[in-house]
Amino acid sequence: LSLKPDILVSDVKMPRMDGTVLLQKLIGAGMRIAVLFISGYSEVDLVKSAIRFGASDYILKPLDLSELETAVSRIVTRLKDDRARAEKLQKMEAQLRRSMPLLRDRYFLSLLNHGAGSLSEIQADAEFLGIELDTKDQVNAFVLTIDEYGGFFNPSSEKEKFLCSFAVHNIIAELMDG
């Protein structure tokens, strides 16, 4: 299995082991593989068991090549859909990681403007945002006081507004990282 196949087509009843055991061994080895079992009518209970363990599909003997082709085609479509979903999820996770600094900034601004919710909400938000809180022995507090607040936040130009905002952001970031 060094080739890491995507699909395995196998008879469910074999001389040394049945398909359920094979499937369990593949799963136990960490293989993610779609399994299509071929079965005789007398092996229906074995096929049901294999499906419960994660087999993708089964077809009955005598083997009809068009039925085999259809079953493999269904599995290929499912695998492509799964890969597309996994890729989309990876992209979304990467976007979330890149957005995390901005999300933390907005969270802190929200705390400043609207206050905090319950301790469990704060803990859930902190965990999501990657902010460590020690709720056992320490008290975590965030207090921001700006002298001459009105003068500080009434800059005359857009450039001054940006610089003031940037300065406050840097101070908060240093305090949070320290």
Ranked by how many other beta carbons lie within 10 Å on average, peptides 91-101, 117-127, 49-59 from highest: 49-59, 117-127, 91-101
Proximal aspartates and glutamates to Lys13, defined as alpha-carbon separation beneath 16 angstrom and excluding residues fewer than eight positions away on the same chain: Glu43, Asp45, Asp57
Surrounding net charge for Thr70, when Lys and Arg each add one and Asp and Glu each subtract one, Cβ distance under 12 Å: -3
Under-5 Å amide H pairs with Leu60, H placed in peptide plane, nonlocal only: Ser39
Segment 91-99 - phi-based ³J(HN,Hα) in whole Hz, Karplus 6.51/-1.76/1.60, Gly and Pro as x: 5, 5, 5, 5, 5, 5, 4, 5, 8
Descending semi-axes in whole angstrom, ellipsoid equivalent of segment 15-110, from the Cα gyration tensor: 42, 16, 10
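Taken together, the values in this text are just the output of simple stated rules run on the coordinates, not laboratory data. Keep in mind the model is a prediction, meaning the values are calculated, not measured. Every residue, glycine among them, receives a Cβ derived from its backbone with ideal geometry; neighbour counts consider all protein chains shown.
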